[in-house]
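The values are calculated or read from the model by the stated rules, or taken from the named source; none is laboratory data. Source: prediction; values computed, not measured. All Cβ positions, glycine included, derive from the backbone under ideal geometry; neighbour counts span all protein chains shown.
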Amino acid sequence: MTSQRILVLGTGGTIAGAGSERTGSAYRPGGLALGSLVAHLAELGLDAELIAQEIARIGSQDIGFAEWQALHAACTAAMADPAVGGIVITHGTDTAEETGLLLDLTLPTIKPVVLVGAMRPADAVGTDGMRNFANAVKVARDGQAAGRGVMLVMGDAVLAARDARKAATTSIDAFRSYPRGPLARVTPSSLDWFGPPHRIGESARYPFPAELPRVAILTAGAGMDEQPVEALLGIGARGIVLAGMGQGNAPASVIAALARAAASGVPVVRASRVDEGMVDRDVEVGDAALGLIAARALGPAKARVLLMVLIASGITDPVRVQAAFDAG
Ligand code: ASP
């Protein structure tokens, strides 16, 4: 078991959501201050000292560079503080996978970093937030939690941030893990890891970006033409992620326009608009010949985060970008 002092970084989201209806039919994410949330948590009698630090009180649909920078700085300081055993970040579920992957790519693995959210607001009947939070603290305090990268705790499961994605808009069991399954199952009375930590002592894979380049997601649709690609280049997109049909497909004119973008130095990653599955190289689209990159297991939202980090690190060559997507 690690130090019992846990830094709790609040960003808002439904876990801190408050509304006028006890059913949670309408509410404001981040309506509850982190201090009130943590006070409720103190009543749970968790065996941990919670140090609260509010980064933001927003719905995670509004999260962006400023909040990510503040989170990264707070995590970096906590990593260096011997009194802190682990970090829990309360976060909206809409973009938890994006924040999770960004931090996973840019933080060392020496202390556990656990994102946690909720699907029902804090003051609604049947709220899941307190249980998720208790579970997250249990994970952050556990001696086997470090060395696994950033994690997300939802629905009694511990998911690797790189594998996690929101797959349902309202159900409590909203998150899936792909291509690997959950790292552990957690309840207030148990924590079972399914394997040993596989990233012990890793330093940050990439520096935290000084700024985020404009990377756009373009969703493919039947019968579309190439003009949206031209429009994205026209507003200065430095990278494009295709949320393609099936294994990252799009009409021939769109693929041709994306290949022209790639040839002009704008990296293009083919992901899928399908909920789950691999997008592999050179299956229906000739990536090698066209200079395109296959997203492999990453869906469009996470592919965009990885591509932003790579471009910010000066990595735009398709071979090197592909290697980063292959790294898993
Ligand atoms: N829109 C909310 C958010 O992402 C939803 C949630 O937290 O579940 O902040």
(message) I'd like to know if the range 47-58 contains one or more residues that are over 23 Å from Leu306 (Cα atoms) and not in a strand (DSSP E or B).
(response) yes
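For every residue, the table says whether it meets (1) part of a helix (DSSP H, G or I); (2) away from the ligand (no atom under 16 Å from the Cβ); (3) not hydrophobic (A, V, I, L, M, F, W, C).
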| position | (1), (2), (3) |
| --- | --- |
| Asp94 | no, no, yes |
| Lys111 | no, yes, yes |
| Ala118 | no, no, no |
| Thr127 | no, no, yes |
| Asn132 | yes, no, yes |
(request) Could you check Thr90 against (1) out of contact with any helix residue (DSSP H, G or I) (no Cβ under 8 Å at 6 or more places or on another chain); (2) farther than 21 Å from Ser190 by Cβ; (3) of a type outside the set (Asp, Glu) and say which number it fails? (result) (1)
(message) Being closer than 26 Å to Lys166 by Cβ, buried (at least 16 other Cβ atoms within 10 Å of the Cβ) and in contact (Cβ under 8 Å) with a residue 40 or more places away in the chain is the requirement here; does Ala237 meet it?
(response) no
(message) Just to check your reading of the model, which residue among Gln69, Gln61 is within 16 Å of the ligand (Cβ to nearest atom), of a type in the set (S, T, N, Q) and out of contact with any strand residue (DSSP E or B) (no Cβ under 9 Å at 6 or more places or on another chain)?
(response) Gln61
(request) Return yes or no: is Arg165 in a loop (DSSP other than H, G, I, E, B) and either within 14 Å of the ligand (Cβ to nearest atom) or in contact with a Pro (Cβ under 6 Å, 6 or more places away or on another chain) (or both)? (result) no
(request) Taking Leu50 as the residue in question, decide whether it is modelled with pLDDT of 90 or more and in contact with a Cys (Cβ under 9 Å, 6 or more places away or on another chain). (result) no
(message) Here's a check for you: in the range 27-49, which residue that is touching a strand residue (DSSP E or B) at 6+ places or on another chain (Cβ under 6 Å) and of a type in the set (A, V, I, L, M) is nearest to Ala140 (Cα to Cα)?
(response) Ala48
(message) Suppose we filter Ala56, Ala83, Ala26 for residues that are more than 15 Å from the ligand (Cβ to nearest atom) and aliphatic (A, V, I, L, M); which single one remains?
(response) Ala83
(request) Report, ordered by the first and then the second residue, all pairs with beta carbons closer than 9 Å, sequence separation of six or more or different chains, a first member in the range 314-328 that is over 19 Å from Pro209 (Cβ atoms), and a second member that is exposed (fewer than 14 other Cβ atoms within 10 Å of the Cβ) and modelled with pLDDT of 95 or more. (result) Pro318/Ala288; Gly328/Pro179
(message) Against the definition (within 15 Å of the ligand (Cβ to nearest atom) and either part of a loop (DSSP other than H, G, I, E, B) or surrounded by fewer than 22 Cβ atoms within 10 Å (Cβ to Cβ) (or both)), how does Ala39 come out, yes or no?
(response) no
